[in-house]
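Student: Starting off with a structure, shown below.
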């Protein structure tokens with residue numbers, strides 16, 4: 001039975017991850033336009049990926065905060081609107097090729113590897129690229145990753161009841177895209193932290209039957 | 001001037017990639033729960049990278065009717081649901097991205113003119129950065145670009161409907177030139193298609 005609701009904006013990378021054999025029993029796609037409190041009631045966690053519909057999420061923010069108030073976990077990645085989040089996100093140019101052009105200067109300079117999602121990761125597995133930064137976060141939030149300028153990349157707070165983990169990394173989208181081949185390491189740890197279940201070891205595969213006429217509409 | 005309907009599912013920055021010009025006027029259609037746009041006032045339907053293919057599946061019959069009225073579609077995304085007439089995108093990660101190279105195929109309308117293929121093949125010396133997966137192309141459609149394993153990556157389909165479709169296997173395209181810079185391959189391919197739409201009617205309507 002799925003434990004993690006993946007808020008779904010109809011984007012193919014979201015779909016690719018949630019229908020991959022190693023993840024499909026743990027993630028349930030929740031189409032953002034059909035998102036209700038009833039749909040998330042029996043889940044342990046929500047994952048809000050990069051390329052989400054932030055305007056609709058703002059309309060439905062009570063569902064997210066009520067979910068947190070029930071003591072559950074929410075993971076938020078990529079860009080995010082301050083309209084529903086008590087934090088300030090700002091855009092920055094995405095650097096996909098720092099590891100080619102300037103490998104000693106990654107987009108994340110400091111990581112708390114004691115956090116369960118980051119335990120055992122190498123620096124390359126803990127950062128590939130970032131989509132902007134947080135210039136302010138909720139009071140008392142724990143800072144987990146920063147860049148060389150001191151801007152916040154990843155933070156976590158318990159002030160809403162459960163745990164909200166936010167990052168400008170985009171592990172769900174990029175793992176769905178499958179152009180970065182080491183992301184099983186991050187996403188498997190993230191999935192275990194969210195659900196309590198570690199996905200089967202090994203590289204993510206694709207189920208061809210999930211595409212085309214077999215795709216859930 | 002052509003009129004285009006740009007489908008948006010609320011992604012940040014989409015308007016920066018499709019900018020109206022003397023050739024094209026863009027109208028953005030924001031997807032809502034009751035998504036059901038009137039396509040017929042437009043010449044071109046643009047479904048950009050990162051789109052909502054659940055919503056597109058809901059209007060697949062409208063899309064087919066729009067195309068059968070001689071109109072055009074650009075979809076430069078992973079269309080995982082079955083809404084594009086005659087063609088289907090498939091995700092695949094069984095091949096190494098470092099082995100991906102695109103090669104030109106049939107190009108009767110010169111859509112690859114002025115396109116530097118190296119820009120699609122390499123970014124900072126790395127291959128496999130642009131498209132993902134491949135397209136199961138309609139029989140008789142033109143495969144403009146194929147990958148290392150001869151799988152269709154860019155398709156021009158003038159056979160499945162009475163209109164035209166330019167499809168990429170999730171390789172983004174754009175309609176914007178930045179401050180005097182030369183057009184990138186992503187823009188060149190798109191604008192060659194716009195030129196085709198502007199100056200050449202669909203053969204079925206000739």
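The values are calculated or read from the model by the stated rules, or taken from the named source; none is laboratory data. Keep in mind that this is a model prediction, so the values were computed, not measured. All Cβ positions, glycine included, derive from the backbone under ideal geometry; neighbour counts span all protein chains shown.
Student: All but one of (1) surrounded by 14 or more Cβ atoms within 10 Å (Cβ to Cβ); (2) at pLDDT 95 or above; (3) more than 14 Å from chain B (Cβ to nearest Cβ); (4) within 30 Å of residue A:86 (Cβ to Cβ) hold for residue A:175, so report the exception by its number.
Tutor: Single failed check for residue A:175: (3).
Student: Here are some residues: B:173, B:189, B:166. Which one is under 11 Å from the mean Cα position of the chain (by Cα) and either modelled with pLDDT under 95 or in a loop (DSSP other than H, G, I, E, B) (or both)?
Tutor: Answer to the selection: B:173.
Student: I'd like to know if segment A:49-56 contains one or more residues that are more than 14 Å from chain B (Cβ to nearest Cβ), assigned to a loop (DSSP other than H, G, I, E, B), at pLDDT 95 or above and more than 20 Å from residue B:35 (Cβ to Cβ). Before you say what the answer is, go through the steps one by one.
Tutor: From segment A:49-56, those more than 14 Å from chain B (Cβ to nearest Cβ) are none; that's our starting set.
No: segment A:49-56 contains no residue that is more than 14 Å from chain B (Cβ to nearest Cβ), assigned to a loop (DSSP other than H, G, I, E, B), at pLDDT 95 or above and more than 20 Å from residue B:35 (Cβ to Cβ).
Student: With in contact with a helix residue (DSSP H, G or I) (Cβ under 9 Å, 6 or more places away or on another chain), within 10 Å of chain B (Cβ to nearest Cβ) and more than 16 Å from residue A:76 (Cβ to Cβ) as the only criterion, which of A:201, A:210 stands out? Working first, answer last.
Tutor: Details: A:201 fails: within 10 Å of chain B (Cβ to nearest Cβ).
None of the others qualify; the one that does is A:210.
Student: For the structure I just gave you, tell me whether residue A:185 is in contact with a helix residue (DSSP H, G or I) (Cβ under 8 Å, 6 or more places away or on another chain), surrounded by fewer than 22 Cβ atoms within 10 Å (Cβ to Cβ) and part of a helix (DSSP H, G or I). Can you show your working first?
Tutor: Numbers: in contact with a helix residue (DSSP H, G or I) (Cβ under 8 Å, 6 or more places away or on another chain): yes; surrounded by fewer than 22 Cβ atoms within 10 Å (Cβ to Cβ): yes; part of a helix (DSSP H, G or I): yes.
Considered against the rule, which asks whether it is in contact with a helix residue (DSSP H, G or I) (Cβ under 8 Å, 6 or more places away or on another chain), surrounded by fewer than 22 Cβ atoms within 10 Å (Cβ to Cβ) and part of a helix (DSSP H, G or I), residue A:185 comes out as yes.
Student: Checking the condition within 14 Å of chain A (Cβ to nearest Cβ) and either at pLDDT 95 or above or under 20 Å from residue B:182 (Cα atoms) (or both), which residue from B:86, B:128 passes?
Tutor: Numbers: B:128 fails: either at pLDDT 95 or above or under 20 Å from residue B:182 (Cα atoms) (or both).
Result: B:86 is the single residue among B:86, B:128 that is within 14 Å of chain A (Cβ to nearest Cβ) and either at pLDDT 95 or above or under 20 Å from residue B:182 (Cα atoms) (or both).
Student: Further question: Go through segment B:74-89 and give me each residue that's more than 19 Å from residue A:8 (Cα to Cα), in contact with a helix residue (DSSP H, G or I) (Cβ under 9 Å, 6 or more places away or on another chain) and surrounded by fewer than 24 Cβ atoms within 10 Å (Cβ to Cβ).
Tutor: Within segment B:74-89, B:85 is the sole residue that qualifies.
Student: Can you say whether residue A:154 is under 15 Å from the mean Cα position of the chain (by Cα) and without any contact (Cβ under 8 Å) to a residue 60 or more places away in the chain, as far as the supplied structure shows? Working first, answer last.
Tutor: Details: under 15 Å from the mean Cα position of the chain (by Cα): yes; without any contact (Cβ under 8 Å) to a residue 60 or more places away in the chain: yes.
It is true that residue A:154 is under 15 Å from the mean Cα position of the chain (by Cα) and without any contact (Cβ under 8 Å) to a residue 60 or more places away in the chain.
Every residue, every condition in (1) closer than 30 Å to residue A:12 by Cβ; (2) loosely packed, with under 15 Cβ neighbours inside 10 Å; (3) within 14 Å of chain B (Cβ to nearest Cβ), yes or no:
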{"site": "A:99", "(1), (2), (3)": "yes, no, yes"}
{"site": "A:111", "(1), (2), (3)": "yes, no, no"}
{"site": "A:119", "(1), (2), (3)": "no, yes, no"}
{"site": "A:141", "(1), (2), (3)": "no, no, no"}
{"site": "A:148", "(1), (2), (3)": "no, yes, no"}
{"site": "A:156", "(1), (2), (3)": "yes, no, no"}
{"site": "A:160", "(1), (2), (3)": "no, no, no"}
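Student: Mind listing whichever residues of segment B:92-106 are within 12 Å of residue A:179 (Cα to Cα) and either facing chain A (nearest Cβ under 8 Å) or in contact with a helix residue (DSSP H, G or I) (Cβ under 7 Å, 6 or more places away or on another chain) (or both)?
Tutor: B:92, B:93, B:94, B:97
Student: Wholly within segment A:59-148, which helices (runs of 4 or more DSSP H) include no fewer than the required count, namely at least 2 residues that are over 12 Å from residue A:167 (Cβ atoms) and out of contact with any helix residue (DSSP H, G or I) (no Cβ under 8 Å at 6 or more places or on another chain)? Walk me through it before giving the result.
Tutor: On the way: elements: A:61-69, A:98-101, A:123-126.
Those helices (runs of 4 or more DSSP H) span A:61-69, A:98-101.
Student: So, one more: Within segment A:43-68, can you find the residues that are more than 19 Å from residue B:32 (Cα to Cα) and touching a residue at least 40 places away in the same chain (Cβ under 8 Å)?
Tutor: Within segment A:43-68, A:43, A:44, A:45, A:46, A:47, A:65, A:67, A:68 qualify.
Student: Condition first: more than 10 Å from chain A (Cβ to nearest Cβ) and within 17 Å of residue B:172 (Cα to Cα). Now tell me which residues in segment B:71-83 satisfy that. Steps first, answer last, please.
Tutor: If we filter segment B:71-83 for residues that are more than 10 Å from chain A (Cβ to nearest Cβ), which is where we start, we get B:71-76.
Within segment B:71-83, B:73, B:74, B:75, B:76 meet the criteria.
Student: If you don't mind, there's one more thing I want to ask. Quick test of your reading of the structure: residue B:180 fulfils all but one of (1) within 14 Å of chain A (Cβ to nearest Cβ); (2) loosely packed, with under 14 Cβ neighbours inside 10 Å. Name the failing condition by number.
Tutor: With (1) within 14 Å of chain A (Cβ to nearest Cβ); (2) loosely packed, with under 14 Cβ neighbours inside 10 Å applied to residue B:180, the lone miss is (1).
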